[in-house]
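Student: Can you keep this structure in mind? I'll have questions shortly.
The values are calculated or read from the model by the stated rules, or taken from the named source; none is laboratory data. As the structure is a computational prediction, the values presented were derived from the model and not from experiment. Because the Cβ atoms are built from the backbone with ideal geometry, glycine has one as well, and the counts that use them run over all protein chains shown.
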Amino acid sequence: MQNRKLVDRFGRTKTYLRVSVTDRCNFKCVYCMPEGGIEKFQRDDILSFEEIEKIVCSVIPIGIEKVRLTGGEPLLRQGLPELVASLKKIDQLQQVSLTTNGALLAKYSDQLKQAGLDSINISLDTLNPERFERITQTPFFLQTMEGIEAALAAGFPLKINVVPLKGTTLEDVLDLIQFAIQHQIEIRFIEFMPLCGSGWSPEKVLPIPMIRSWVEEHFDLQSIERGREVAESYKIAGTQAQVGFIASLSEPFCSTCNRLRLSSNGKIRPCLFSTLEFDLLKKLRDGASTEEIQNIFLWGAWNKPEGHPYRKMKIPSSEKTSSSEGALIRNIGG
Ligand code: SAM
Ligand code: SF4
């Protein structure tokens, strides 16, 4: 901790901060939201844009280079393009990006582009409208597709995030890849993770190595150097598209993790899976100086666990899911 850089006790530096701007969402994805919904934070307990900006300015000198805005659904936060614009004015912040379900992108893409947003990741688990409605528990399929179109038209580099579940079929996967090829974008398959309220169990996981083998059977994949990226990415030969695989459980990448998280109520979380949190909100509102904010981050980073608790778990991988077995998704949320 002596040189005031975000580094943990295992020597991993932190350069990437995920900032949740709201805990609210207009979707209720079965792998994310509990059946009974979530207990929402009080409005007063949510970081203001000025507070987020102050925090980001404070952590750049100690190593943060990239910020991703997320949620809940970040586009539900009133005035998000203004936050993007103010973050983009911060010297030495290399990138500001967004992860969204896409349903509000038709409305906000142009404003986000004008604000200087660098790139967008959009969650889209299937191209089948009925299946989409079952997974997200919303009627917003068309709205989401229009959102993707708008983001493409605005010229954003896009990645599509897919969380395959037991019940996801080979057809779903191939359709999504064709969609990525058609639009010359990257599609990433993310292993279903045991996050709070996700109703996770090992039997509901469709292991990412299995998805990768499905894809390899149908496409020629050319490996791309991974660096400290969470996804193992490939160029799909003969196309402008890429496919990525994020196998947090089957093939954990904890040893290279460069991320820290800030929740919308001002808690620093060193790891997505950890219950360990460092409260910044109170300190901030008590008038913490830049150095004090940095100290809390340095301490949070230092205490990042070596790896997540599920990294040694065996995920059943032998079961095959055929196109006719696509009906389990409905029950996965609870
Ligand atoms: N609402 C936005 C969205 O869906 O893109 C941003 C927040 S969402 C929590 C961020 C990402 O986490 C999405 O790509 C989503 O698919 C993924 N996610 C949510 N729950 C997950 C789980 N249990 N396992 C794996 N990925 C999950
Ligand atoms: Fe909302 Fe994103 Fe969670 Fe789906 S994955 S419920 S869109 S926060």
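Student: Collect the residues in region 76-127 that are within 14 Å of ligand 1 (Cβ to nearest atom), among the small types (Gly, Ala, Ser) and within 26 Å of Val59 (Cβ to Cβ), keeping them in residue-number order.
Tutor: Ser97, Ser119
Student: On to the next question. Could you check region 15-74 and list, in sequence order, the residues that are in a loop (DSSP other than H, G, I, E, B), farther than 18 Å from Gly197 by Cβ and aliphatic (A, V, I, L, M)?
Tutor: Val21, Ile46, Leu47, Ile60, Ile62, Ile64
Student: Right, here's the next one. Given the conditions (1) in a loop (DSSP other than H, G, I, E, B); (2) more than 13 Å from ligand 2 (Cβ to nearest atom); (3) surrounded by 20 or more Cβ atoms within 10 Å (Cβ to Cβ), which single one is not true for Asp91?
Tutor: (3)
Student: Are any residues in region 16-32 β-branched (Val, Ile, Thr) and at pLDDT 95 or above, and if so, which ones?
Tutor: Val19, Val21, Thr22 - these are the residues of region 16-32 that are β-branched (Val, Ile, Thr) and at pLDDT 95 or above.
Student: Can you say whether Phe156 is closer than 23 Å to Ile246 by Cα and out of contact with any strand residue (DSSP E or B) (no Cβ under 9 Å at 6 or more places or on another chain), as far as the supplied structure shows?
Tutor: So Phe156 does not fit the description; no.
Student: Which numbered condition trips up Ala237, out of (1) surrounded by 17 or more Cβ atoms within 10 Å (Cβ to Cβ); (2) over 14 Å from Leu124 (Cα atoms)?
Tutor: Failed condition: (1).
Student: Only residues that are modelled with pLDDT under 95, outside any helix (DSSP H, G or I) and more than 16 Å from ligand 1 (Cβ to nearest atom): list them for region 167-203, please.
Tutor: Thr169
Student: Something else now. Working only within region 266-291, note down all residues that are loosely packed, with under 15 Cβ neighbours inside 10 Å and more than 30 Å from Phe253 (Cα to Cα).
Tutor: The answer is Lys282, Arg285, Asp286, Gly287, Ser289, Thr290, Glu291.
Student: Out of all the residues in region 33-43, is one or more modelled with pLDDT under 95, within 16 Å of ligand 2 (Cβ to nearest atom), closer than 13 Å to Asn101 by Cβ and out of contact with any Gly (no Cβ under 6 Å at 6 or more places or on another chain)?
Tutor: So far as region 33-43 goes, yes, one or more of its residues are modelled with pLDDT under 95, within 16 Å of ligand 2 (Cβ to nearest atom), closer than 13 Å to Asn101 by Cβ and out of contact with any Gly (no Cβ under 6 Å at 6 or more places or on another chain).
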